[in-house]
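Visitor: Supplied in structure tokens, the structure appears directly below.
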């Protein structure tokens with residue numbers, strides 16, 4: 001108990017972490033992640049916290065209700081950015097998808113899609129009216145920007161368009177581009193009451209049907225990164241009729257089984273479970289907090305270290321000259337329920353639906369245990385690409401997925417042992433070592 005009191009005595013710093021991540025300001029995650037990891041790891045190392053510990057943690061949250069970062073933390077960012085980065089990159093950090101594409105002389109369109117449960121999604125398109133449609137789906141906390149933020153020389157979205165494909169890019173409910181609902185407001189918790197299950201069951205089918213209708217095609221090729229693969233596996237297993245609409249599914253850093261997940265995010269999740277229990281809210285929305293990381297060389301290094309710890313360290317993970325654009329676009333918001341669902345996968349050692357607890361599971365699913373997704377129903381051809389230094393998509397978990405999928409046509413583990421969760425998407429050598437091979441496989445199925 002004395003140890004718990006000592007840990008909890010640092011309440012302002014630890015609970016401020018929670019507010020920074022959930023109230024729209026994530027300026028200091030690396031600093032506070034170290035603090036909360038040190039302060040809370042002992043508290044949770046022996047299993048779930050006691051009721052008294054949970055009550056104390058909740059009390060701390062109330063005490064810092066009005067705690068916010070000082071308004072001065074980003075004042076020096078402008079000077080540092082101007083001295084160390086080109087005007088073009090700084091401009092890219094402030095542009096949205098459409099403006100970035102226009103800047104680099106690519107045609108672009110914006111489309112609106114409505115889901116069956118009322119969410120309003122934004123689709124982006126790099127049109128090639130005579131080309132075959134390709135649909136790209138981003139990962140957790142991400143957006144359609146991820147496919148182009150490395151610029152025309154490295155962005156996979158641009159590469160596909162340059163080779164004659166009609167490129168469509170999706171945005172999941174709740175991210176920067178899809179924050180509307182016919183009845184609900186993103187300022188209310190009920191808007192955020194969804195996991196990636198709903199994205200796979202509702203968002204993907206709506207967007208795919210829209211693209212096929214607009215292009216008058218019967219099939220499209222699919223590219224998904226991280227959560228973009230998870231939601232595809234959900235859709236294709238829950239709505240198996242959509243397998244016939246996919247000529248090839250390209251799974252980049254695929255995520256289904258998470259038994260071997262190893263990431264500092266686990267510490268953060270344990271804090272959330274104590275402070276918010278089953279509450280629903282937005283995490284890591286897009287705002288101007290990224291500028292803090294460019295206040296000095298020290299804060300810039302903090303950002304790099306923070307990202308490397310979560311995604312896997314790799315010296316050629318990205319073009320360092322484009323770091324501000326990555327920081328600005330790298331987090332576009334998501335529901336805490338999406339994150340919670342992923343950690344449930346690790347605890348269950350299954351690829352399964354959201355676990356609401358025994359009683360609610362019985363009411364919702366008719367069983368005490370949440371149902372397992374039927375991967376054997378995924379009959380669309382699947383090509384998987386994965387890396388050895390990926391803490392979120394572990395090689396052992398990917399191989400377990402490969403063993404369950406009935407129609408794997410390609411599975412490629414990149415030989416470079418440094419490649420991580422985003423190397424094949426953002427890496428300096430991604431075009432040469434990943435994208436060209438993906439293009440060759442894609443052409444075999446079209």
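Visitor: Does region 347-357 contain any residue that is touching a strand residue (DSSP E or B) at 6+ places or on another chain (Cβ under 8 Å), in a loop (DSSP other than H, G, I, E, B) and free of Cβ contacts under 8 Å to residues at least 60 places away in the same chain?
Guide: no
Visitor: If you take the residues in region 383-411 that are touching a helix residue (DSSP H, G or I) at 6+ places or on another chain (Cβ under 8 Å) and part of a helix (DSSP H, G or I), which one is surrounded by the fewest Cβ atoms within 10 Å (Cβ to Cβ)?
Guide: Only one residue tops the list, namely 404.
Visitor: Any residue that is assigned to a helix (DSSP H, G or I), farther than 26 Å from residue 337 by Cβ and either in the same structural domain as residue 115 (by TED's automatic domain parsing) or modelled with pLDDT of 95 or more (or both) - is there at least one of those in region 188-208?
Guide: Restricting attention to region 188-208, the residues satisfying the condition of being assigned to a helix (DSSP H, G or I) are 189-192, 196-208.
Cutting the leftovers down to farther than 26 Å from residue 337 by Cβ gives us none.
No, because not a single residue in region 188-208 is assigned to a helix (DSSP H, G or I), farther than 26 Å from residue 337 by Cβ and either in the same structural domain as residue 115 (by TED's automatic domain parsing) or modelled with pLDDT of 95 or more (or both).
Visitor: Tell me, yes or no, whether region 366-375 has at least one residue that is touching a strand residue (DSSP E or B) at 6+ places or on another chain (Cβ under 6 Å) and within 25 Å of residue 258 (Cα to Cα).
Guide: First, pick out the residues of region 366-375 that are touching a strand residue (DSSP E or B) at 6+ places or on another chain (Cβ under 6 Å): 370, 372.
Next, from what is left, pick out any that are within 25 Å of residue 258 (Cα to Cα): 370, 372.
Yes, region 366-375 has at least one match.
Residue-wise test of (1) within 28 Å of residue 316 (Cβ to Cβ); (2) crowded, with 21+ Cβ neighbours inside 10 Å; (3) in contact (Cβ under 8 Å) with a residue 40 or more places away in the chain.
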| position | (1), (2), (3) |
| --- | --- |
| 132 | no, no, yes |
| 143 | yes, yes, yes |
| 147 | yes, yes, yes |
| 151 | yes, no, yes |
| 164 | no, no, no |
| 169 | yes, yes, yes |
| 172 | no, yes, yes |
| 178 | no, yes, yes |
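Visitor: Out of curiosity, is residue 380 within 23 Å of residue 444 (Cα to Cα) and crowded, with 19+ Cβ neighbours inside 10 Å? Spell out the reasoning first.
Guide: Details: within 23 Å of residue 444 (Cα to Cα): yes; crowded, with 19+ Cβ neighbours inside 10 Å: yes.
In short, yes.
The values are calculated or read from the model by the stated rules, or taken from the named source; none is laboratory data. Computed from a prediction, not measured in an experiment: that's the story for all the values here. Positions of Cβ are backbone-derived with ideal geometry, glycine not excepted, and every protein chain shown enters the neighbour counts.
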